1. Condition first: open to solvent by 20 Å² or more (accessible area, probe 1.4 Å) and among the aliphatic types (A, V, I, L, M). Can you find one or more residues in the range 301-318 that meet it?
2. Only residues that are open to solvent by less than 10 Å² (accessible area, probe 1.4 Å), more than 15 Å from residue 33 (Cβ to Cβ) and within 15 Å of the ligand (Cβ to nearest atom): list them for the range 207-237, please.
3. Of the numbered conditions (1) more than 26 Å from residue 49 (Cα to Cα); (2) in contact with a helix residue (DSSP H, G or I) (Cβ under 9 Å, 6 or more places away or on another chain), residue 84 satisfies every one except a single condition; which is it?
4. Do you know which of the residues in the range 165-182 that are out of contact with any Ser or Thr (no Cβ under 8 Å at 6 or more places or on another chain) and of a type outside the set (S, T, N, Q) is least open to solvent (accessible area, probe 1.4 Å)?
5. Within the bounds of the range 183-197, is there any residue that is in the same structural domain as residue 38 (by TED's automatic domain parsing), open to solvent by 10 Å² or more (accessible area, probe 1.4 Å) and within 12 Å of the ligand (Cβ to nearest atom)?
6. Give me the strands (runs of 3 or more DSSP E) completely within the range 1-109, filtered to those with at least 2 residues that are at positive phi, ordered by residue number.
7. Given the criteria within 16 Å of the ligand (Cβ to nearest atom), among the hydroxyl-bearing types (Ser, Thr, Tyr) and open to solvent by less than 10 Å² (accessible area, probe 1.4 Å), does residue 103 qualify?
8. Residue 204 passes all but one of (1) within 16 Å of the ligand (Cβ to nearest atom); (2) outside any helix (DSSP H, G or I); (3) without any contact (Cβ under 8 Å) to a residue 60 or more places away in the chain; which number fails?
Amino acid sequence: MTESVAQTTLSTHSSGLTGSVRVPGDKSISHRALMFGALAIGETRITGLLEGEDVLNTAKAMRALGASVEPKVAADGVVTWVVHGRGVGGLVEPDGVLDMGNSGTGARLLAGLLASHRMTAVMTGDASLRSRPMDRVVAPLGLMGARFESRAGNRLPLTVIGTGEPVPMVYESPVASAQVKSAVLLAGLQARGATTVVEPAATRDHTERMLRHFGAEVRSEPAADRPGAVAVTVVGQPELEGSDIVVPGDPSSAAFLVVAALVTTNSEVSLFNVGLNPHRTGLFETLKEMGADLTIQNEREEGGEPVGDLVVRSSKLKGVVVPASRAPSMIDEYPILAMAAACAEGETRMEGLGELRVKESDRLAAIADGLKACGVKVEIDGDTLGVSGCAGAVPGDAIAEVHLDHRIAMSFLVLGLASEQPIGIDDDDAIATSYPSFIADMTTLGANFKKIAASSRAPA
Ligand code: S3P
């Protein structure tokens with residue numbers, strides 16, 4: 001019998017990424033489209049859904065809660081996901097454990113749904129998700145009347161004992177988190193009366209936009225006496241009506257291709273149909289400050305979200321200071337920004353990164369350890385990350401540890417394109433959670449990626 005050897009990917013200096021790519025559907029919007037479709041009466045038809053593992057786990061969970069969720073493939077190959085929902089308050093108790101895989105968004109939004117239905121349900125996830133804090137949703141949902149049983153620190157597996165009659169409330173969230181906001185608003189859908197979440201800084205507003213699209217009354221206004229804070233209110237017990245949803249391309253996935261084109265010499269890449277929700281575009285703003293040749297064309301609105309096409313060309317980048325106030329609009333983009341910073345001239349300081357410690361991995365540590373292994377000077381000072389740029393001469397010659405984190409994996413593969421010696425990652429499986437065609441898309445553009453045995457510690 002021959003033993004199959006686990007493989008991973010090695011990235012080697014490349015010159016000239018060229019061509020165009022349609023990036024996969026937005027992960028945040030895809031989760032919400034399936035969940036809100038499951039809460040609506042009638043049919044919801046979703047095109048452009050991200051078919052990554054995270055979203056497919058949400059689809060499974062919605063089926064387990066009684067909705068019908070099926071992909072339909074048309075003769076021209078276009079896939080439409082068709083959801084038949086059960087109406088607000090109509091989800092049924094699942095007869096098995098709900099496994100949300102790697103997805104914090106899936107788990108936290110689902111907690112809001114389970115907490116507001118009279119049912120007992122158990123939720124779990126992979127080793128990464130089981131280590132992430134759930135207190136941030138358990139606390140507010142508990143105030144609304146749900147009960148929870150869990151391991152220490154409210155980590156998964158988590159048993160939710162939901163209430164059919166959640167109490168409407170005003171919740172002052174201590175963290176700027178769209179997941180927390182959305183979990184409470186989703187529970188608020190079932191409450192008699194209005195539920196308000198006050199977030200300390202504005203975060204992505206996909207939940208608000210899409211709930212309005214399904215017919216709910218949702219208001220957003222600046223919070224009284226708290227500069228920068230936003231109060232978001234949903235009026236409970238609406239009739240949500242099945243709708244058509246067009247999911248734009250994910251700016252957080254586009255980010256990897258954008259930085260790849262910037263740091264690889266002789267590149268020009270076009271990216272079509274990228275979501276440009278203003279609460280998601282902090283990376284593009286930062287890269288422009290660093291000197292990126294990045295233009296947005298064809299700005300338009302699709303399915304209630306702003307979208308556009310991006311054209312990116314190789315650029316000489318310089319270090320900048322990225323203020324903490326920008327973090328909510330680029331919270332998922334710091335790993336790839338750190339790679340751009342490593343290739344830039346001068347130091348880049350990224351402030352206010354505390355939340356990075358509780359993402360799919362401790363991203364502050366994963367970025368810093370990986371960059372140091374690649375010969376880049378890095379400093380962590382509290383919640384600030386400083387990266388000393390190598391002005392286009394990153395040594396490389398390392399295998400970066402991914403810690404089950406898709407964005408860490410893709411980031412180091414991008415850095416390998418511009419480094420003097422190859423950079424590998426210890427595991428490329430995690431990429432499938434958000435961007436299953438990443439390696440294929442990058443290879444088509446001209447990236448020098450090759451498969452190596454996962455056990456090889458030396459890159460070459
Ligand atoms: C998300 C919100 C963000 C982000 C995550 C997706 C969402 O998390 O990091 O990838 O879809 O609501 P937080 O709300 O924890 O900041």
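1. The answer is no; no qualifying residue exists.
2. 232
3. (1)
4. 175
5. Among the residues of the range 183-197, not one is in the same structural domain as residue 38 (by TED's automatic domain parsing), open to solvent by 10 Å² or more (accessible area, probe 1.4 Å) and within 12 Å of the ligand (Cβ to nearest atom), which makes the answer no.
6. Of the strands (runs of 3 or more DSSP E) lying wholly inside the range 1-109, none has at least 2 residues that are at positive phi.
7. yes
8. Looking at each condition in turn, residue 204 falls short on (3).
The values are calculated or read from the model by the stated rules, or taken from the named source; none is laboratory data. The structure presented is a predicted model; accordingly, all values stated were derived computationally and were not measured. So basically every Cβ, Gly included, is an ideal-geometry build from the backbone, and we count neighbours across all protein chains shown. These accessible areas exclude ligands, DNA and RNA; they are computed on the full protein's heavy atoms, side chains included. Shrake-Rupley method; radii C 1.70, N 1.55, O 1.52, S 1.80 Å.
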